[in-house]
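Taking it in order: structure first as C-alpha cells, then the write-up.
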Amino acid sequence: MRPTLFLNLDGTCHPKSIQYAVLRGYPHVGPPHFCWAEPLRPVLEDWDAQVVLRSSSTMMFGLEPVAGLAPEWLHTRIVGACGDVVRYIALFEPRKVNTSYGVVRRYVQEHQLQHWVALDDDTDGWPADSELRRHLVACDGRTGLGNPLVARRINQAFSECIP
C-alpha cells in the first residue's frame, strides 16, 4: 500500500485568503491556487505517495473541481477527500461536526492505512500523544509549503511513520 499524505489546502498550498470563485464561473483574483505546492513534488515522487485532501473546499465544490485546480503532477496523486469538519445546517449557519484530526483518523480507520502523514496549519483535535502526533506536520498558515523546512519535515515524518 502506498504512503498517504493528508493535505489541507488553505494555509499550506496557498494563502488562506485564496478564492475559489473560479469554480463558480467568476474570474480568479489573487495568487494562483497551489502557488506554494512545488516543494511537495519531490517528496511525493520519492515516496510514491498518494494524496487525500482535507479541506473544506471539497465540501463546498466537490473533490474533482478542487483537484482540477492542482498542477498535473499533484492532481494525478489525489485519490480522495476526508469528511467534513463543518457542515452548513442553513445557508449561513455552519456547525462544527468534527476536528481536523477526527476526519483524518476516520479516513485512516475506514481505509486501514498504515503509512500516512498529515500536513495542516490546523492542529485542532490532534492528541498530545507523541505516537499519533508524529503523523502531523503542522505549518504556519501564513507561509505553508513556502517555508522550505515544511517539505523536509514531511519527508522526515514519512520516514518515522513506516509501519
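For the chain, what is the convex hull (Cα atoms) projected area averaged across all directions, in square nanometres?
Numbers: hull surface 37.7 nm².
Value for the chain: 9.4 nm².
Rolling a 1.4 Å probe across the protein heavy atoms gives the chain an accessible surface of 52 Å² per residue. Carbon-plus-sulfur fraction of the accessible area of the stretch 99-163, 1.4 Å probe, in percent? Carbon and sulfur: 46 percent of the exposed surface of the stretch 99-163. Please work out the Cα center distance from the stretch 106-163 to the stretch 1-78, rounded to the nearest Å. One Cα centre to the other: 16 Å.
Quick check: residue separation of Leu149 and Thr123 times 0.36 nm, minus the Cα distance between them. What number comes out in nm? The partial results should precede the final answer.
On the way: separation 26, 0.36 × 26 = 9.36 nm, distance 1.78 nm.
Full-extension gain reported as 7.6 nm.
Counted without the sites themselves, the longest stretch of the chain free of trypsin sites (Lys or Arg not before Pro) in a DSSP loop having at most 14 other beta carbon atoms within 10 Å is 17-133.
The values are calculated or read from the model by the stated rules, or taken from the named source; none is laboratory data. Remember, predicted model here, so these are calculated numbers, not experimental data. Counting neighbours? That spans all protein chains shown, and the Cβs are built from the backbone with ideal geometry, glycine included. Areas reflect the complete protein model, heavy atoms only, side chains present, ligands, DNA and RNA absent. Shrake-Rupley method; radii C 1.70, N 1.55, O 1.52, S 1.80 Å.
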